[in-house]
Amino acid sequence: MANLKTFSWSILICLLAACGGSHGSYIENQAGSAMQQASQSGQSSEIPVASNALPVDTRLPWEDLDGNGFVDPDTARMSSAINGNSEFWRGVDAFETAGDATPAGQALRLESGTAGSGERSFATYRIPLSGENPATLSTDINLRLRSNGTASAFSIGIANYGKRRWDWFGGFSDGRIRLPLSEAATGDYISPLGNTFVNVTAYDGSKFDIVGISLNQFEPGDLNAPPVPGGLTLSPVAGGLELQWNSVLAADLAGYRIYWSKNSFSNPNAAGVMHLPYLEGSTRHILSGLAGKTFVAISAMDLNGNESGLSALRNAVVNAGDGPVLGLEAETASGIVNDNIALTASGADSYDWDLDGDGVFELTADITGSQLADTGRAGIIRPAVRASAGGTAVALGALSLIIASDLPPVAILSASPLSGRITDGESEAFSTTLDAAGSYDDGNSLEYAWDQLGDGNLSAFDLPAQLLANYYAAGYFLAAVRVRDSAQQQATAVVQIHVRQVGNFQNLTLDHRSTNGFYCRAAEVAGHPAVVYSCFSGGA
């Protein structure tokens, strides 16, 4: 991965260890509300968690600090927010990546080998929040099937600076999850510079496109819960229930919590009552992995964690069997307004399509599995599909697309070589070639400005896409490039350059009491200091 908003230097300590662990897929509200392992359809229990090492946050050269010592979001922002309440970070704007990570338009594609390989890839995002803890995290991730035809999954990690650990969630097989962080937080998700770090991990053959990560902040003083959802209906499907309900009108709505049990209940915290570990953002959901008679109720939750009362309790008997494994892919995850973006679905007999993501399936009983997304408006659109196989085997899926009148550019930077040395007392510099020619935009005109020392002093936008950089001092340098398109939208990428200094070595005698040690030389061998000398024995 070649420096795609990627910062891989010594100050960033984000070590992910393949150490296994507990991964909650559903939560049972028993004593302590413990996260439980689950084997529900599409939920992974194999994604390894991270070590406790947290990112050491450091102000980047182009960032300013506000009066509280936090990074000013206006100097750090890579992309625009989805709306006035959320900070949206494009997938391609990852702070650090590892494994198989490739830019794909405005998205970042993560792949983790083939199913059974045990490989892992991840992307970490550094999102400035001016010191205010996040309240809700939401994802726009387009999942693709693994090599063995099973559903991909991902895990989410959030750096908890209060507890000096990563808090981990997942694995999730739904790409559009909403995590209410107010419930999980037992510390502080804000770094000393006021930023939040979010990690997305693919494991063991999972593959997907990260279109974007969004964070909403707390609104202190808001204690009002949203209205109770109404209109809940249940439709039995193979291995589960298809739920539908009426949307709740609340400006700060985070999503809906789904509760279920084998027995009737009125208290969502009663023993035996389960709920999803995330909030549903739409008003339709298939609750899978069930059997027999099941009772269901839902609630609404706002960004501050205020939760409504329960809806009317409904029950239905689940049909036998399993739902289809739905494959859903987009030709690209981003485009210009009115672009033709092909959507392809597989795994079922017929498909109902919501091509503009408004919650209404305007095209039904399609047997081709191929349609064009409705890209007539700008923003994040989420086309959805309802797949049916044999009538009662049903699956739901959705994709996320970034649509704009003019997409922002993507900056990519590499250096060759990444490290070298200079000699003490000599004037010869260490030289390396900085290359930003891989940067791209939806137009054909990009301008480049350079900061080879990483001190915030950018050149004018009049230099080429490649630069020969000379370093006369030892140290670590964050060489940066900023690219600008014809609409004056900008993006920045950084690469670390390491310059070592070696001294002028002199001859000396190591052991002056004998003839041993004459003709001594100090040298650098494989990047390490070494000493060679002659050893005389018996007058030889």
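Right, P277: in contact (Cβ under 8 Å) with a residue 40 or more places away in the chain, touching a Phe, Trp or Tyr at 6+ places or on another chain (Cβ under 6 Å) and assigned to a loop (DSSP other than H, G, I, E, B) or not? Considered against the rule, which asks whether it is in contact (Cβ under 8 Å) with a residue 40 or more places away in the chain, touching a Phe, Trp or Tyr at 6+ places or on another chain (Cβ under 6 Å) and assigned to a loop (DSSP other than H, G, I, E, B), P277 comes out as no. Only residues that are open to solvent by less than 10 Å² (accessible area, probe 1.4 Å), under 28 Å from I403 (Cβ atoms) and not small (G, A, S) were counted in region 159-179, giving 3.
Looking at the structure I just gave you, is A384 farther than 24 Å from N246 by Cα, touching a strand residue (DSSP E or B) at 6+ places or on another chain (Cβ under 7 Å), among the small types (G, A, S) and open to solvent by less than 40 Å² (accessible area, probe 1.4 Å)? Steps first, answer last, please.
Numbers: farther than 24 Å from N246 by Cα: no; touching a strand residue (DSSP E or B) at 6+ places or on another chain (Cβ under 7 Å): yes; among the small types (G, A, S): yes; open to solvent by less than 40 Å² (accessible area, probe 1.4 Å): yes.
So A384 does not fit the description; no.
Each residue in region 418-434 was checked for being in a strand (DSSP E or B) and either touching a residue at least 60 places away in the same chain (Cβ under 8 Å) or out of contact with any Ser or Thr (no Cβ under 9 Å at 6 or more places or on another chain) (or both), and 9 pass.
Scanning region 465-472 for residues that are within 23 Å of R59 (Cβ to Cβ) and in a loop (DSSP other than H, G, I, E, B) turns up nothing.
So if I check each of G205, G113, which one is crowded, with 21+ Cβ neighbours inside 10 Å and either under 30 Å from G67 (Cα atoms) or touching a strand residue (DSSP E or B) at 6+ places or on another chain (Cβ under 9 Å) (or both)? It would help to see each step written out before you state the result.
On the way: G113 fails: crowded, with 21+ Cβ neighbours inside 10 Å.
Criteria check complete, one pass: G205.
Set side by side, the residues A437, A415, A395 differ, and just one is under 29 Å from the mean Cα position of the chain (by Cα) and outside any strand (DSSP E or B), which is A437. Can you tell me which residue is nearest to T344 (Cα to Cα) among those in region 134-150 that are open to solvent by 30 Å² or more (accessible area, probe 1.4 Å) and small (G, A, S)? Checked region 134-150; the qualifying residue nearest to T344 (Cα to Cα) is G149.
Residues of region 467-492 that are exposed (fewer than 13 other Cβ atoms within 10 Å of the Cβ) and within 17 Å of P409 (Cβ to Cβ): Q488 alone.
Restricting the first member to region 252-265 and to residues that are within 17 Å of V228 (Cα to Cα), and the second to residues that are of a type in the set (K, R) and open to solvent by 10 Å² or more (accessible area, probe 1.4 Å), the beta-carbon pairs closer than 8 Å and six or more apart or on different chains are A254/R178; G255/R178. If you go through region 290-348 and pick out every residue that is among the charged types (D, E, K, R), farther than 24 Å from Y256 by Cα and touching a Ser or Thr at 6+ places or on another chain (Cβ under 6 Å), you end up with 2. Considering each residue of region 367-375 in turn, at least one proves to be surrounded by 13 or more Cβ atoms within 10 Å (Cβ to Cβ) and in contact (Cβ under 8 Å) with a residue 40 or more places away in the chain. So which residues in region 292-305 are modelled with pLDDT of 95 or more and part of a loop (DSSP other than H, G, I, E, B), if there are any at all? Within region 292-305, G292 is the sole residue that qualifies. Against the definition (open to solvent by less than 40 Å² (accessible area, probe 1.4 Å) and closer than 23 Å to R382 by Cα), how does S261 come out, yes or no? Taking the combined requirement at face value, the residue does not satisfy it. Restricting attention to region 453-465, report how many residues are without any contact (Cβ under 8 Å) to a residue 40 or more places away in the chain and either surrounded by 14 or more Cβ atoms within 10 Å (Cβ to Cβ) or aromatic (F, W, Y) (or both). Selection size over region 453-465: 5. Go through the residues of region 151-158 one by one and say whether even a single one is open to solvent by 10 Å² or more (accessible area, probe 1.4 Å) and not hydrophobic (A, V, I, L, M, F, W, C). No: region 151-158 contains no residue that is open to solvent by 10 Å² or more (accessible area, probe 1.4 Å) and not hydrophobic (A, V, I, L, M, F, W, C).
Only a single criterion out of (1) under 28 Å from N148 (Cβ atoms); (2) in contact with a Pro (Cβ under 8 Å, 6 or more places away or on another chain) is not satisfied by A316, namely (1).
Quick grid of which residues meet (1) β-branched (V, I, T); (2) on the phi > 0 side of the Ramachandran plot; (3) at pLDDT 95 or above:
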residue: V318; (1), (2), (3): yes, no, yes
residue: D322; (1), (2), (3): no, no, no
residue: E331; (1), (2), (3): no, no, yes
residue: V337; (1), (2), (3): yes, no, no
residue: I341; (1), (2), (3): yes, no, yes
residue: D352; (1), (2), (3): no, no, yes
residue: D366; (1), (2), (3): no, no, yes
residue: I381; (1), (2), (3): yes, no, no
residue: G390; (1), (2), (3): no, yes, no
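Within region 90-109, if we keep just the residues that are touching a Gly at 6+ places or on another chain (Cβ under 7 Å) and either surrounded by fewer than 24 Cβ atoms within 10 Å (Cβ to Cβ) or aliphatic (A, V, I, L, M) (or both), the residue that is farthest from E331 (Cα to Cα) turns out to be L108.
T294 meets each of the listed conditions (1) surrounded by fewer than 21 Cβ atoms within 10 Å (Cβ to Cβ); (2) out of contact with any Asp or Glu (no Cβ under 9 Å at 6 or more places or on another chain) apart from (1).
On the given criteria, is T433 modelled with pLDDT of 90 or more and open to solvent by 30 Å² or more (accessible area, probe 1.4 Å)? For T433, the condition - modelled with pLDDT of 90 or more and open to solvent by 30 Å² or more (accessible area, probe 1.4 Å) - is met.
When you scan region 116-126, how many residues do you find that are in contact with a Phe, Trp or Tyr (Cβ under 6 Å, 6 or more places away or on another chain) and surrounded by 24 or more Cβ atoms within 10 Å (Cβ to Cβ)?
First, pick out the residues of region 116-126 that are in contact with a Phe, Trp or Tyr (Cβ under 6 Å, 6 or more places away or on another chain): 120, 124-126.
When the remaining residues are screened for being surrounded by 24 or more Cβ atoms within 10 Å (Cβ to Cβ), the result is 125-126.
Residues meeting the conditions: 2.
Just one of the numbered conditions (1) open to solvent by 40 Å² or more (accessible area, probe 1.4 Å); (2) touching a residue at least 12 places away in the same chain (Cβ under 8 Å) is not true of A411: (1).
Consider region 195-235. How many of its residues are over 26 Å from L110 (Cα atoms) and touching a helix residue (DSSP H, G or I) at 6+ places or on another chain (Cβ under 9 Å)? Quick ask: steps written out before the conclusion?
Within region 195-235, the subset over 26 Å from L110 (Cα atoms) is 217-235.
Checking the rest, the ones that are also touching a helix residue (DSSP H, G or I) at 6+ places or on another chain (Cβ under 9 Å) come to 218.
Looking only at that region, the number is 1.
The values are calculated or read from the model by the stated rules, or taken from the named source; none is laboratory data. Being a predicted model, the structure only gives us computed values, none of them experimental. Ideal geometry is used to build each Cβ from the backbone, glycine not excepted, and the neighbour counts take in all protein chains shown. When the accessible area is computed, the model is the full protein with side chains, heavy atoms only, and any ligands, DNA or RNA have been set aside. Shrake-Rupley method; radii C 1.70, N 1.55, O 1.52, S 1.80 Å.
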